[in-house]
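Worksheet: one structure, shown below.
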Amino acid sequence: MILVTGGAGFIGANFVLDWLAQSDEPVVNLDKLTYAGNLENLVSLQGNARHVFVRGDIGDTALVERLLSEHRPRAVVNFAAESHVDRSIHGPEDFIQTNIVGTFRLLEAVRTYWSGQLSDEAKAAFRFLHVSTDEVYGSLKSGEPAFTEQHRYEPNSPYSASKAASDHLVRAYHHTYGLPVLTTNCSNNYGPYHFPEKLIPLMIVNALGGKALPVYGDGQQIRDWLYVKDHCSAIRRVLEAGRLGEVYNVGGWNEKPNIEIVDTVCALLDELRPRTDKKSYREQITYVKDRPGHDRRYAIDAHKLERELGWRPAETFDTGIRKTVRWYLDNQAWVAGVTSGSYRQWVERHYA
């Protein structure tokens with residue numbers, strides 16, 4: 001049994017689905033079901049006895065302690081986080097509460113469980129894996145080497161600062177209390193079940209809806225792109241064989257400027273779902289004022305993960321983005337559901 005927190009969100013849900021598809025080991029899935037936590041991501045698991053869903057907050061110590069005592073997981077994988085930079089700029093308090101205070105309370109509950117309720121054998125085998133982001137490292141200039149695990153933390157948004165703080169807490173709990181932790185810092189994920197506020201799903205949804213495709217500034221901000229299922233395989237590998245207390249950067253080896261991403265999405269939609277007027281979706285691109293403190297470039301050096309654990313991404317950007325666009329075209333009902341108020345009302349009725 002493993003406990004996954006934030007397992008109804010984008011990356012967490014993909015991880016839970018992949019885990020249960022490849023393993024007989026059950027999952028307890030704890031998620032607060034904020035706007036980005038979506039049970040429709042997990043609809044295929046309805047009736048699956050190996051998936052136990054609990055609506056709740058990682059900051060609810062009594063709940064987390066009860067789940068740990070009742071299910072006695074051998075590992076905790078922490079995806080739970082507020083994760084959108086724009087939202088953190090306009091409302092940072094939720095990010096502080098979930099990403100810092102919530103992680104602290106989760107660590108405290110896990111430390112109590114690990115130190116006081118497990119046999120020596122189970123204690124030695126236990127793992128706490130914390131999923132973080134490359135944004136904690138700040139911004140790179142053109143030509144600078146990609147982020148390694150030794151790169152100094154220089155977060156530039158409330159979101160990245162809150163994730164940096166949570167990373168430091170995880171590290172401290174290992175060095176102070178001996179908690180067996182692992183941390184992964186990933187680059188920009190994309191793929192199925194991505195809430196349509198982030199770049200790629202937003203471009204797909206807006207394009208199909210005949211809306212503007214907003215591109216910040218000059219569109220030359222560079223990101224490394226990682227297909228979400230590759231990220232999930234990396235996490236499984238780190239959980240299986242990562243060295244305790246270590247950080248592993250997870251990247252897709254796909255550095256691309258934002259405008260190139262938008263152009264690629266438009267080209268795929270032109271091919272797979274052409275506009276009725278036969279014009280290109282590129283005509284909907286609109287440049288908008290850059291957001292405050294927008295980091296210019298992120299780039300992940302994932303050689304440590306490759307060298308120590310033998311992991312490399314299975315997807316190129318070309319294969320991954322095509323799969324992603326096709327998924328959104330084939331799952332328009334999911335898009336309509338997560339962007340409507342009806343889903344939130346359903347959650348409140350069933351998980352009040």
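The values are calculated or read from the model by the stated rules, or taken from the named source; none is laboratory data. All values reported here derive from a predicted model rather than from experimental measurement. Neighbour counts run over all protein chains shown; Cβ positions are idealised from the backbone, glycine included.
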Any idea which residue in region 199-251 is modelled with the highest pLDDT, counting only those that are assigned to a helix (DSSP H, G or I) and among the polar types (S, T, N, Q)?
SER233
Out of the residues in region 1-23 that are without any contact (Cβ under 8 Å) to a residue 60 or more places away in the chain and under 16 Å from GLN46 (Cα atoms), which is nearest to the chain's Cα centre (by Cα)?
ALA8
Could you tell me whether any residue of region 273-291 is in a loop (DSSP other than H, G, I, E, B) and closer than 30 Å to MET1 by Cα?
no
For region 15-44, what are the residues that are of a type in the set (Asp, Glu) and surrounded by fewer than 20 Cβ atoms within 10 Å (Cβ to Cβ)?
ASP18, ASP24, GLU25, GLU40
Taking region 223-250 and the residues there that are in contact with a Phe, Trp or Tyr (Cβ under 7 Å, 6 or more places away or on another chain) and among the hydrophobic types (A, V, I, L, M, F, W, C), the one that is farthest from LYS279 (Cα to Cα) would be VAL238
Within region 97-121, work out how many residues are out of contact with any strand residue (DSSP E or B) (no Cβ under 8 Å at 6 or more places or on another chain), among the aliphatic types (A, V, I, L, M) and part of a helix (DSSP H, G or I).
3
If a residue must be crowded, with 19+ Cβ neighbours inside 10 Å and more than 9 Å from PRO158 (Cα to Cα), how many such residues does region 83-99 contain?
3
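Output yes when any residue across region 57-79 is of a type in the set (Phe, Trp, Tyr) and surrounded by fewer than 23 Cβ atoms within 10 Å (Cβ to Cβ), and no when none is.
Step one: list which residues in region 57-79 are of a type in the set (Phe, Trp, Tyr), which gives 79.
Filter once more, so that each one left must be surrounded by fewer than 23 Cβ atoms within 10 Å (Cβ to Cβ): none.
No.
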Of all residues making up region 156-172, the number that are surrounded by fewer than 22 Cβ atoms within 10 Å (Cβ to Cβ) and touching a Leu at 6+ places or on another chain (Cβ under 8 Å)
1
So, of the residues in region 223-282 that are of a type in the set (Gly, Ala, Ser) and at negative phi, which turns out to be surrounded by the fewest Cβ atoms within 10 Å (Cβ to Cβ)?
ALA241
Restricting the search to region 38-96, which residues are touching a helix residue (DSSP H, G or I) at 6+ places or on another chain (Cβ under 6 Å), part of a loop (DSSP other than H, G, I, E, B) and modelled with pLDDT under 90?
ASN38, GLU82
Can you spot a residue in region 259-266 that is of a type outside the set (Val, Ile, Thr), within 30 Å of GLY37 (Cβ to Cβ) and part of a loop (DSSP other than H, G, I, E, B)?
no
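Do we have any residue at all in region 176-198 that's part of a helix (DSSP H, G or I), touching a residue at least 12 places away in the same chain (Cβ under 8 Å) and surrounded by fewer than 22 Cβ atoms within 10 Å (Cβ to Cβ)? I'd like the intermediate steps shown before the answer.
Let us first name the residues in region 176-198 that are part of a helix (DSSP H, G or I), namely 176-177.
Then drop every residue that is not touching a residue at least 12 places away in the same chain (Cβ under 8 Å), which leaves 177.
Next, only the ones that are surrounded by fewer than 22 Cβ atoms within 10 Å (Cβ to Cβ) stay: 177.
Yes, because at least one residue in region 176-198 is part of a helix (DSSP H, G or I), touching a residue at least 12 places away in the same chain (Cβ under 8 Å) and surrounded by fewer than 22 Cβ atoms within 10 Å (Cβ to Cβ).
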Tally the residues that are part of a loop (DSSP other than H, G, I, E, B), at pLDDT 95 or above and either in contact with a Ser or Thr (Cβ under 7 Å, 6 or more places away or on another chain) or of a type in the set (A, V, I, L, M) (or both), restricting the search to region 4-37.
1
Tabulated pairs, region 280-306, first over 20 Å from VAL238 (Cα atoms) and touching a residue at least 60 places away in the same chain (Cβ under 8 Å), second part of a loop (DSSP other than H, G, I, E, B) and of a type in the set (Lys, Arg), C-beta under 8 angstrom, 6+ apart or interchain
TYR281/ARG275; GLN284/LYS211; ARG296/LYS141; ARG297/LYS141
